[in-house]
Each structure stands twice: as structure tokens, then as C-alpha cells.
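Okay, so here's the structure we're looking at.
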Amino acid sequence: MDGKPALAAIPQANLEFVVNTTWPVFFDTAASSYLLLIGQQWVTANSLGGPWSPAARLPVGMSKVAADPQWAALKSAIAQPAKSNGAIPKVFYSESPAEVILFDGDPVYAKIPGTNLLYSTNTSSYLFLHAGQNQYYYLTGGRWFRRRGSIGRGRGSGNDRKTGGRPQGT
């Protein structure tokens, strides 16, 4: 989310959509719950922070969404929502800029010879650790970000700071 959710009504549907996100997120005003499309599966929660669970059925008003050219890409997912096997991906919610770094298991690092730097070997992300300073550096979108302290499963990013496009402290 880019800030607190900004909602816009969908006429005659008892639905609102969240305009400040790139994901298809709707609010069912009758049920006071959110709907999120992940792949071809709809999930629902009473709060954007979760917990999220598979949607048993879509609100009737979603037929208005399916008929609107603005939502053409969602038409098939609304007409025939995927059946859930009960398993859904974890949904991460943030109202401030955030990145999710996915590791294959716990983070694993390898030393860069002749430096105090290590790099992560089990992620496709560009993640480095300055071992002497316990400072992490992350490159995404052509910009460097840094964080002091530990990272890992379920670890938030509240202390992240932009470094002005260059790593600092090395």
C-alpha cells in the first residue's frame, strides 16, 4: 500500500476498491471485509493486516466489477474463482515502502575475499552483509538500501534507510 488505504466506490456493487496499491484489493462494505486476488485465488480478511483465508464465495457485487472494462483482467478470476485447497501464500501488508526478500530456507552467506563483506547465496536478491558493522546492503531498482541489525524470517524493516544510491560504511 502506498500509505493508508484509499478507497473508491464501485457504483451499485456494495464494494470499494483500494486505489493506492498495484494489487487487486476490494472492500466488501456489506460484510466489512477485504478481498485480495492472489493468482487465480481470492482470499479474504477483516483487516488488511490479516489473517487471510480462502474466500468461500465472492460478493454478488463482483459481477459489476467483471462487467467493467477497467477490470477486464479480473473477469475470468471473478467468473470462475479457483477452488482453494486451504493453502494460501502469506500476505505481507505495509503502509510504507517495503521489499520482501525471499530466501531458500534461512539466509546463507559467503565471504567476499579480501573484504569484510558477505553476500547471500540462497536468494535471487542482491543482499550483502558488512560483518564488522552488522550492516546489511540491498540493491533493488538501481538503488541501495541499508539496515543495521539482523534480518530473517518475519523480521520487519522499520529501521531501513536509503543510502542515496550508494553503499555506505564499506
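If I stretch the segment between residue 2 and residue 119 completely, what's the gain in nm (0.36 nm per residue apart, minus their alpha carbon distance), one decimal?
On the way: separation 117, 0.36 × 117 = 42.12 nm, distance 3.00 nm.
39.1 nm is the gain from fully extending residue 2 to residue 119.
Each label point was placed 7 Å from the Cα along the Cα-to-Cβ direction; for residue 32 and residue 80 their separation is 3.6 nm. In terms of its alpha-carbon gyration tensor, the stretch 7-79 comes out rounded; the largest-to-smallest axis ratio a/c stays below the 1.5 threshold.
Quick one: 95, 16, fewest Cβ neighbours within 10 Å first, how do they rank? Display every interim value, and only then the final one.
Details: 95 13, 16 19.
Neighbour counts put them in this order, fewest first: 95, 16.
Among the trypsin sites (Lys or Arg not before Pro) within the stretch 45-131, those in coil by DSSP and having at most 13 neighbouring Cβ atoms inside 10 Å are 57, 83, 90. Going by neighbour counts of Cβ atoms within 10 Å, the residues 23, 42 line up, fewest first, as 23, 42. Sorted ascending by nearby beta carbons within 10 Å, beginning with the fewest, 32, 94 become 32, 94. How would you classify the chain from its alpha-carbon gyration tensor, with a ≥ b ≥ c the square roots of the eigenvalues: rounded for a/c under 1.5, else prolate if a/b is greater than b/c, otherwise oblate? Prolate shape, in that a/c is at least 1.5 and a/b is the bigger ratio.
Values quoted throughout were computed directly from the atomic coordinates according to the rules given, and no laboratory measurement underlies them. Computed from a predicted structure; not experimentally measured. Please note: Cβ atoms are built from the backbone with ideal geometry, for glycine as well, and neighbour counts cover all protein chains shown.
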